[in-house]
1. Helix 229-242 versus the longest principal axis of the chain: what is the Cα-based angle in degrees, 0 to 90, to the nearest 10?
2. Could you state, as a whole-number percent, how many of the C-alpha pairs of segment 105-259 are farther apart than 28 Å?
3. Given ALA60, THR35, ALA105, which one lies farthest toward the positive end of the charge dipole of segment 25-106, if we put +1 on the Cβ of every Lys and Arg and -1 on the Cβ of every Asp and Glu?
4. Can you put GLU173, GLU62 in order, fewest other beta carbons within 10 Å first?
5. For segment 25-106, with only Lys/Arg (+1) and Asp/Glu (-1) charged at the beta-carbon, what is the dipole magnitude about the Cα centre, in debye rounded to 20?
6. How big is D for segment 197-259, in µm² s⁻¹ as a whole number, if Stokes-Einstein is applied with the Kirkwood radius of its Cα pairs at 37 °C and 0.692 mPa s?
7. Step through the residues of segment 93-102 one at a time and calculate ³J(HN,Hα) from phi using the Karplus curve (6.51 cos²θ - 1.76 cosθ + 1.60, θ = phi - 60°), rounding each to whole Hz and writing x for Gly and Pro.
8. Order by neighbour count: SER211, SER58, SER171, SER234, fewest other Cβ atoms within 10 Å first, most last.
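What follows draws every value from the coordinates through simple rules; no lab data is involved. Keep in mind the model is a prediction, meaning the values are calculated, not measured. Here the Cβ positions follow ideal geometry from the backbone for every residue, glycine too, while neighbour counts run over all protein chains shown.
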Amino acid sequence: MNLRALAALFTAVIMAATLAGCASTEPLAKRTDQTEGQKRARIRLQLAMEYYEQRQLSVALEEIKQALQADVDFSDAYGVRALIYMDLGETRLAQENFLQALRLAPDNPDLSNNFGWFLCQNERVAEGLVFFEKALKNRAYQSPAKALTNAGVCSMKLRDLDAANRYLLRSFEIDPANPVTNMNLARILFARGDAEKARFYFDRTIKIDASSADVLWLGIKIKHKLGDMLGEMSLATQLRRRYPDSNEYAAYQRGAYDE
């Protein structure tokens, strides 16, 4: 493998990780055996999740506080609060809330996936992979593609391309429309020198999702490698128009295809 391509791959993982998305804010399952306090707590948490998705984090935290006052053992509330603290960069508080959530619901696969992502983002990748595997072993888990993609991205941080490729291919089989899965498969294949297969996954990425500068730059390099000048110029035009001040456009102007 080209060493420069390999280095570029692992630099790109940092940006890919921000796109993978760990938070599971699916609507809470309905239950009929709730106390009045639990019902109030679930309503508060639903509000908190809506505020979280709107990036009104301080309001979301207040709603979670109200939820936990109604039901102190509400594991989902601790889990969502952990995600909010994670977004705020409050690492210690995020970990405390993840661990409390997992103490209350140790077999919850969404919590395992989210805590795995937290660990991966904080350079505790090997520990994170343990929690992704725990989530995947739960047959009731409804979002296995999410954990598989996260495990793939984290394996790339460990420079374990074989494991990353296996995780991402399994994710692709379940959810072929996930742009993060497609993008990272393209990265791995291009780093390994298989530009033709990389193009397959890149073209799927570009059709599914609006592309960031690093994704467009990856596509430019793939098209350049394959001698597809029209495709390269089309992507370069998008890169220049949308991200004229980006490092990727500067690299394109230098002709730094192998950096």
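1. Approximately 50 degrees, to the nearest 10.
2. Considering segment 105-259, 27 percent of its Cα-Cα pairs are separated by more than 28 Å.
3. Most positive-ward Cα: THR35.
4. In increasing order of surrounding Cβ atoms, one gets GLU173, GLU62.
5. 120 debye
6. 286 µm²/s
7. My calculation for segment 93-102 gives 5, 4, 5, 4, 6, 4, 5, 5, 4, 6 Hz in order.
8. SER58, SER234, SER211, SER171
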